[in-house]
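See below for the structure under consideration.
Each reported figure results from applying straightforward, stated rules to the coordinates on display, with no laboratory input. All values derive from a computational prediction rather than experimental measurement. So basically every Cβ, Gly included, is an ideal-geometry build from the backbone, and we count neighbours across all protein chains shown.
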Amino acid sequence: MFSFVRKSVPAEDEISLYKRRETVYETDRTLEAPGPYTVAIRFVDAVAENASVTVNGREAEAVAGWTMCNTGKARLGAFVWTAEEGDAGRAPVVGVRGIPTATEVTMVPGRDEALIGEAKALRVKPDEIRVPLTLERGMQLVATVGDHSFSCSREELEATLDRMEELVPKMRSLGFNGIESYVRWDMVEAEQGKFDWSYYDAVVNKGAEYGMKWFPLVIGGSAYALPEWYRERTEGFVGFKCLEHGEENNCPSIFSEQQTPYVSAYLHEFGRHYNSWGDKVFGCRLGPSGNYGESQYPASGNWGYKHRPEHMHIGWWAGDDMAQVKFRAAMEKKYGTVEALNKAWGDGFASFEEVRTFLPVMTDSRRKRKDFVDWYTDEMTDWCNRWAVWMREELKDLDIYQSSGGWGYAECGTDFSAQAKGMKPVGGGIRATNEDESYELNFAITRMLASAARFYGVKFGSEPAGFGTVRSVMNRLYNILCNNGSHLFYYYPNITGSELGSSRWLKYSPLLDRRSEPLTEVAVLYPDTQGRIGDAAIRYLEGSSFFSQVFPLRRKLDYDFCSEEMIRDGALERYKVLVILGRNHEGDVIEAEALDRIDAWVRGGGRVICPVLQSNNIRGPMTVEGDQSVYRRWAAGDVGAGQVFLPPEMREPLDDFIDDVADILMGMDDLDPLTKKMLTAEHPRGVYAAALKSGELAFYNERLTDARVRLSDGTEFTMEPVSIRLV
């Protein structure tokens with residue numbers, strides 16, 4: 001047996017986003033032969049962390065006892081490491097992360113099942129858990145807990161339950177009350193018409209032992225979830241085909257009704273089986289399409305049928321024969337005659353039979369491109385809405401959330417406003433599946449969904465797109481707090497695999513009881529039309545002309561996005577000011593109906609701030625057909641009872657006009673005092689403020705250093721690094 005002594009301890013005040021603190025242990029004994037070794041760490045379970053171990057710089061497999069739940073009991077962690085030829089003759093060096101309370105570190109040759117069994121026996125039992133967070137305003141706090149059903153088989157249930165015994169008590173000890181699984185169609189209906197829910201029943205029951213409710217993703221529209229009998233033995237299967245290459249993949253095309261009876265039966269069976277499980281199940285979210293199981297067309301990633309590679313990319317997935325049929329029918333319904341279509345598009349079709357889907361970049365006609373992208377997006381919205389209806393027909397009493405991802409680019413087909421609106425009839429919710437490490441980016445890509453959810457009266461939740469550090473943990477907590485969310489999801493490594501993640505979560509998650517709807521008197525026009533007729537506004541995330549202005553304005557104040565769909569449904573009455581963040585060479589293009597409603601709102605007393613470029617750009621908003629009459633009236637001062645501010649700008653730097661927007665807002669006497677207080681708060685860059693309807697200001701310090709904040713009433717306070725404060 002190798003016995004180790006502690007050699008070095010990390011500094012307590014060190015803050016590193018991407019590297020966890022590591023304690024190093026050394027021994028005088030050298031390794032004799034390659035092969036497996038079991039590292040055993042005895043410790044006092046006095047923190048809430050996940051452990052990881054390296055030997056000679058290489059990661060060891062965490063087998064048992066690697067999660068800490070702050071119970072105070074003596075426990076054992078077992079890790080298996082494989083020595084290589086080059087390790088022979090060297091004294092092993094063990095690095096331990098996440099166990100600051102280790103009392104003994106040893107290592108023995110081989111995979112020691114006795115030590116592993118002891119580590120499992122000392123895992124935290126349900127009655128030993130100390131739950132640190134009990135919210136008076138309850139919400140769903142959901143996490144992954146080792147169920148790998150996105151990739152595993154039914155035969156791996158025992159391994160799944162073993163991992164859950166490690167992770168479920170861990171996440172419960174952080175205050176989480178829900179667990180997530182991926183429910184794959186092929187896992188429950190391997191033989192047509194014969195549904196077997198036993199795998200997931202076992203997962204649900206294991207979570208319930210620890211007081212955790214189930215909230216799964218139900219997947220049926222992604223290639224990796226398809227049963228073999230459906231994909232290979234039913235007639236008429238149609239996969240998505242891209243317009244870029246003419247290649248098909250195994251994600252079922254939403255333009256074909258061939259899948260409808262099969263997938264609706266699957267959803268009905270899920271609802272029938274779990275509707276009465278409300279004491280153990282929160283509900284579910286839907287995975288209607290795309291690569292992973294979201295409300296979008298195929299994009300990045302490659303989770304293929306039977307886990308084989310597929311033709312996958314961000315693109316336009318409307319190349320199959322049924323897509324042509326549906327597109328022609330939609331255009332004939334809209335225009336009535338081919339002559340009317342030709343006039344709108346500037347084309348010369350002899351009949352509707354000649355009309356086909358096309359790559360939007362291949363046309364110079366704004367109306368033609370907009371018609372195609374509108375249809376493409378509406379088809380995805382309709383498919384997602386149908387999924388929600390099918391699920392609600394049997395899952396009558398539990399929550400149903402839609403999964404909305406991406407960042408709003410047109411190829412994705414995700415209309416955040418329309419998808420939120422579509423969940424209203426079924427009493428559902430919407431979960432943003434796209435949150436990021438950066439708070440500014442988080443705000444930019446989730447605020448449309450959150451704004452629409454509030455307007456249409458549906459529940460709002462969020463999910464990270466992947467890896468996150470303590471910054472991600474905290475900015476997502478801040479985001480859900482300031483949006484009055486009802487559902488918050490983390491992958492367990494987001495919190496437990498991040499330095500300071502667990503401690504910051506435990507310290508600040510109680511603030512969720514003070515979450516509130518934001519007091520947003522200012523809205524920014526979301527560039528629906530601009531994003532569909534061109535790529536500059538949203539398509540390229542790192543080069544978006546819209547988001548590049550969203551960021552600096554968010555540094556000034558919190559605000560909503562308002563889409564054209566929301567405007568048509570009367571959302572402008574919620575706001576005092578609408579800001580148009582235009583930076584488009586050919587003008588800010590808005591559909592005529594939405595622009596007319598903005599104009600009517602202004603004439604009734606509303607206010608618009610629309611900076612215009614002093615260059616060769618086309619200034620001001622216009623319709624798709626190029627009509628600028630509304631803007632010309634505004635420029636001439638014809639605004640009725642309202643106001644339109646058109647500050648002329650050279651824009652060097654390009655976002656310089658944001659200061660002017662803030663100055664104009666400060667000059668408005670009827671803004672709420674809390675809004676003014678938010679605008680005038682003095683703080684360094686990297687600190688953000690939000691006004692809440694509860695009457696409080698919520699601040700977030702994303703910096704890795706202390707931040708001093710001063711309010712207009714003289715209040716001053718200091719925020720620690722990566723922290724939230726409500727005042």
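So here's what we get for this one:
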item: Under-5 Å amide H pairs with residue 400, H placed in peptide plane, nonlocal only; result: 284, 429
item: Simple spin-label estimate for residue 659 and residue 517 in nanometres, 7 Å along Cα-Cβ; result: 3.6 nm
item: Mean Cβ count within 10 Å, highest first, over the residues of peptides 529-537, 31-39, 663-671, 317-325; result: 529-537, 317-325, 31-39, 663-671
item: Fully extended contour minus Cα-Cα distance, from residue 718 to residue 337, at 0.36 nm per residue; result: 130.5 nm
item: Contact order normalised by residue count of the range 2-123, Cα under 8 Å, 6+ apart, percent; result: 36 percent
item: R0 of 35 Å, Cβ-Cβ distance residue 158-residue 103: FRET efficiency to nearest 0.05; result: 0.65
item: Efficiency of FRET between residue 668 and residue 708 - r from beta-carbon atoms, R0 30 angstrom, step 0.05; result: 0.60
item: Rough spin-label spacing in nm, given labels placed 7 Å along Cα→Cβ, for residue 9 and residue 396; result: 6.1 nm
item: Cross-link partners of residue 421 among lysines (Cα-Cα below 25 Å; sequence separation of 8 or more within a chain); result: 326, 333, 334, 370, 396, 459, 576, 693
item: Extension gain from residue 247 to residue 358, taking 0.36 nm per residue of separation minus the Cα-Cα distance; result: 38.5 nm
item: P(r) histogram, all alpha-carbon pairs of the range 310-439 included - 10 Å bins from 0, percent; result: 11, 34, 30, 19, 6, 0
item: Scattering curve values for the chain, log₁₀ I(q)/I(0), Debye with Cα scatterers, q = 0.09 Å⁻¹; result: -0.88
item: For the range 522-671, convex hull volume per residue from C-alpha positions, Å³; result: 106 Å³
item: Simple label model, 7 Å out from Cα along Cβ direction - residue 121 to residue 629, nm; result: 8.6 nm
item: For the range 209-234 versus the range 616-646, the gap between their alpha-carbon centres in whole angstrom; result: 51 Å
item: The chain: calculated mean residue ellipticity at 222 nm from DSSP helix runs of at least 4, using -39500 (n - 2.57); result: -9000 deg cm²/dmol
item: Ranked packing of 248-261, 540-553, most packed first, by mean Cβ within 10 Å; result: 248-261, 540-553
item: Amide H within-cut-off set for residue 289, under 5 Å, with H built and near neighbours excluded; result: 221, 294, 296
item: Length-normalised contact order for the range 214-369 - Cα pairs under 8 Å, 6+ apart - percent; result: 26 percent
item: For the range 2-123, the fraction of alpha-carbon pairs in successive 5 Å shells from zero, as %; result: 2, 12, 23, 25, 19, 12, 6, 2, 0
item: Mean Cβ count within 10 Å, highest first, over the residues of peptides 285-294, 208-217; result: 285-294, 208-217
item: Efficiency of FRET from Cβ geometry, residue 196 and residue 93, R₀ 30 Å, rounded to 0.05; result: 0.05
